[in-house]
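*Asks:* Before we start, here is the structure in question, set down as structure tokens.
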Amino acid sequence: MSSIGSVSRSKLTQRRKMLRTKRRIKMFQAIWRTLAVIGLAGGLVWAITRPIWVLRESNQVIIEGNQLLSKQAIKSFIPISYPQSLLRIQPDAIARAIESQPTIADVTVTRQLFPPEIIVQVKERVPVALALTKFTQNSSTPTSKPLLGLLDATGVLIPIQSYAPQDGRLKLPNLKIIGPLDQYRSYWPQLYQAVSRSPVKVSEIDCQDSANIILTTDLGLVHLGPYSSQLTTQLKVLDQMRRLPTQVNSSQIAYIDLKNPENPSVQMK
């Protein structure tokens, strides 16, 4: 019995030694992993802070996606002083600074280490209409006084001064809208989409009187009444009246009345 007890104690002692050995090995492995991570992190910080990872000039800022604004104009919106370490540059701050411009709809900024650059991807607002504050008598082009600015399809107002006149990238929209912006801003996206899809070309939208929107079209003036959900129906009826100039002398037509699209009429002079 004594010999059996001695063997059991011996095995128990061996197991304890093995467990202690395994614990030491795991502890050393954990220490080495920690030291390796610290070393890699320190090496990365050291590498990034070396002079090679520095933006020294604006040529290292790459602008992509621009159509209406020049690359130099967009770079002027970026709050960076050179030289600047890539590690200190905050892409989100740069994106916010560029997006604060009325000409810009969206921005994505990324840092690149090889070679050291900043990539700026922009999405510009596209002007679709000239916004005028009032009617310009006997003038085919708006003067500087009544011109409020440019509108994009969502109703954002873009000052025309935002574009460099000497650049030549911007082509002024053919569509004009007249009236106080606050009067039609709420329904402008729907109004523009309907008008832009109309088979009958619309060159001007007069919203000076909220009770009666007036369109200037290829068929002449069209009175719609106040903006409503029946606008699409009104434009469909207008399309059905395409043959009107062959039936009536256009010079004798004062306007087409579509306030009630189920009962359209033509007001003669």
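*Asks:* Can you compute 3J(HN,Hα) from phi for each residue in region 54-60, using the Karplus curve 6.51 cos²θ - 1.76 cosθ + 1.60 with θ = phi - 60°, rounded to whole Hz and x for Gly and Pro?
*Replies:* Here the 3J(HN,Hα) series is 10, 7, 9, 7, 5, 5, 8 Hz.
*Asks:* Based on the Cβ-Cβ distance of Gln72 and Ser186, what FRET efficiency does E = 1/(1 + (r/R0)^6) give at R0 = 41 Å, to the nearest 0.05?
*Replies:* 0.65
*Asks:* Give me the distance in nm between label points sitting 7 Å out from Cα along the Cα-to-Cβ direction at Ala105 and Ala254, one decimal.
*Replies:* 4.2 nm
*Asks:* Between Lys171 and Lys236, what is the label-point separation in nm under the 7 Å Cα-to-beta-carbon projection?
*Replies:* 3.2 nm
*Asks:* Could I ask something else about it? Enumerate the amide H contacts of Ala105 below 5 Å, restricted to partners 5 or more residues apart or on another chain; note that Pro and chain-start residues carry no placed amide H.
*Replies:* Here Lys123, Glu124, Arg125 satisfy the definition.
*Asks:* So which aspartates and glutamates can Lys71 reach, going by Cα to Cα under 16 Å and dropping same-chain residues fewer than 8 places off?
*Replies:* In chain and number order, the partners are Glu57, Glu99, Asp106, Glu117, Glu124, Asp167.
*Asks:* Provide the per-residue ³J(HN,Hα) series for region 63-77, in order, calculated from phi with Karplus coefficients 6.51, -1.76, 1.60 and θ = phi - 60°, each as a whole number of Hz, with x at glycine and proline positions.
*Replies:* For region 63-77, the Karplus-derived couplings read 9, 10, x, 7, 10, 9, 9, 6, 4, 5, 5, 5, 4, 5, 7 Hz, x marking Gly and Pro.
*Asks:* Further, regarding this structure: Output the pairs from Lys123/Lys259; Lys123/Lys201; Lys123/Lys236; Lys171/Lys259 with a Cα-Cα distance over 30 Å in this structure; if there are none, say none.
*Replies:* Over 30 Å apart, Cα to Cα: Lys123/Lys259; Lys123/Lys236; Lys171/Lys259.
*Asks:* Which far-off residues, 5 or more places away or on another chain, put their amide H under 5 Å from the one on Glu117, with H placed in the peptide plane?
*Replies:* Long-range HN contacts for Glu117: Gln112.
*Asks:* Note the full-extension length gain between Lys269 and Ser203 as 0.36 nm times their separation in residues minus their Cα-Cα distance, in nm to one decimal. Could you put the intermediate results ahead of the total?
*Replies:* Details: separation 66, 0.36 × 66 = 23.76 nm, distance 2.18 nm.
Value of the extension gain: 21.6 nm.
*Asks:* Search the structure for amide H atoms under 5 Å from the amide H of Val266, placed 1.01 Å from N in the peptide plane, and list their residues when 5 or more places away or on another chain.
*Replies:* Asp257
Throughout, read-outs are computed from the coordinates displayed, never taken from laboratory work. A quick note: this is a predicted structure, and the numbers were derived from the prediction, not measured. With ideal geometry, Cβ positions are generated from the backbone for all residues, glycine too; neighbour counts draw on all protein chains shown.
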